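Undergrad: Pasting in a structure now, in structure tokens, and then I'll have a few things to ask.
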């Protein structure tokens, strides 16, 4: 395998890996919800470096395009080192598919936020189960400012609803707020805040509490 072909494959593969890594901030929470996992703190770490991974993604993708479609050098004898062999059509097809995948992966946080926000609004409006209110029922209002996509809100909400003592939980990505109704005899407000903090997205009590 010549160096140009090896470099082309490496740059294309690297761009795909970098694109997926850049979107793990939102892919992670969705996987956690699907698998029923409680924590996805690592996803918050990827959010900090998203811009760096995106830069690497498109730099490598641009290199792959250059190596695939560059024109062979003129005044170069056939068989010489400087002679560039034409890229096979199959490799160009792979490049186009890989580019489409990279674009979809990098756009995933925005697309998932739009879809999940719409779905969450609809379910909250018509399909949310009624809260079971007990004598020790209390309401906790929180702000979670670092949520970077709707998948994070869905993940935190699902995690809270699984906790013993939590009667209902609504987490909004649009307002970056959470409203949790809980049984104070079974779980404390401090524990609820601590559980959210463990996901990597810090929560704070709002000034005005009911």
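Condition check ((1) assigned to a strand (DSSP E or B); (2) more than 20 Å from the chain's Cα centre (by Cα); (3) surrounded by 15 or more Cβ atoms within 10 Å (Cβ to Cβ)) across all residues:
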{"position": "140", "(1), (2), (3)": "yes, yes, yes"}
{"position": "154", "(1), (2), (3)": "no, no, yes"}
{"position": "157", "(1), (2), (3)": "no, no, yes"}
{"position": "160", "(1), (2), (3)": "no, no, yes"}
{"position": "174", "(1), (2), (3)": "no, no, no"}
{"position": "180", "(1), (2), (3)": "yes, yes, yes"}
{"position": "190", "(1), (2), (3)": "no, yes, no"}
{"position": "194", "(1), (2), (3)": "no, yes, no"}
{"position": "201", "(1), (2), (3)": "no, no, yes"}
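Rundown of residues vs (1) at pLDDT 70 or above; (2) closer than 30 Å to residue 163 by Cβ; (3) in a helix (DSSP H, G or I), yes/no style:
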| site | (1), (2), (3) |
| --- | --- |
| 4 | yes, no, yes |
| 46 | no, yes, yes |
| 52 | yes, no, yes |
| 64 | yes, no, yes |
| 68 | yes, no, yes |
| 79 | no, no, no |
| 87 | no, no, no |
| 104 | yes, no, yes |
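The values are calculated or read from the model by the stated rules, or taken from the named source; none is laboratory data. Worth saying up front: this structure is predicted, and the values here are computed from it rather than measured. Cβ coordinates were reconstructed from backbone atoms using ideal geometry, including for glycine residues, and neighbour counts include every protein chain displayed.
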